[in-house]
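What follows is calculated from the coordinates using simple rules that are stated; it is not laboratory data. Just so it is clear, the model here is predicted, and its values are computed rather than measured. When we count neighbours, we look across all protein chains shown, and the Cβ atoms used for this are built from the backbone with ideal geometry, even at glycine.
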Amino acid sequence: MSIKYWEFEDAPMKEKMKNLNVREIAKIFFDNETEAYRFGYLLIAVKRSNGGLRLKDVGKAMPVSTAKRYLDFAVELGILKHESSTYSITDRYTRPFRNIAAYIKAWSESTADEDLSIEFPNARKGGESEQKGGIGNSDGGGIASQ
């Protein structure tokens, strides 16, 4: 996890609030672009699902076990809550993450359409190969391509 607190101090924070995107949130917690893409993909999926996201609704874009790992990580961080097998956005943050929490809250309330293929151009977007048991979907599919 590479949290750069100086980026979320008041002056830089005001600049970040002008252009809200999931990439900023994902890059806080993941240095690897592929991991950040997967985390961002799932956050957008939760944001777009009105009643909350269920694991069976993730689709073929990502293996269920991978989705569960990233969603559970978001629950541990306090970004999501997991109740009755549904993941939804929450606002339970600890004090040191006040500005990060403000950014996440503003992003979750924004209506801007985001294209993950532009925000994470170097990420591997397909699932694991069929040989390893995953879905070999090369276009990323699902939410990012709608």
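Quick notes
- Order of S108, S84, S117 - criterion: other Cβ atoms within 10 Å of each residue's Cβ, fewest first: S84, S117, S108
- In terms of surrounding Cβ atoms within a 10 Å radius of their Cβ, I118, I104 rank from fewest to most as I118, I104.
- Pairs from K14/K56; K60/K81; K27/K68; K14/K60; K56/K125 whose Cα-Cα separation, in the structure shown, is over 29 Å: K14/K56; K14/K60
- Anisotropy class of the range 10-69 from Cα gyration tensor, a/c 1.5 cut: oblate
- For peptides 42-49, 119-126, sequence by mean Cβ density within 10 Å, most packed first: 42-49, 119-126
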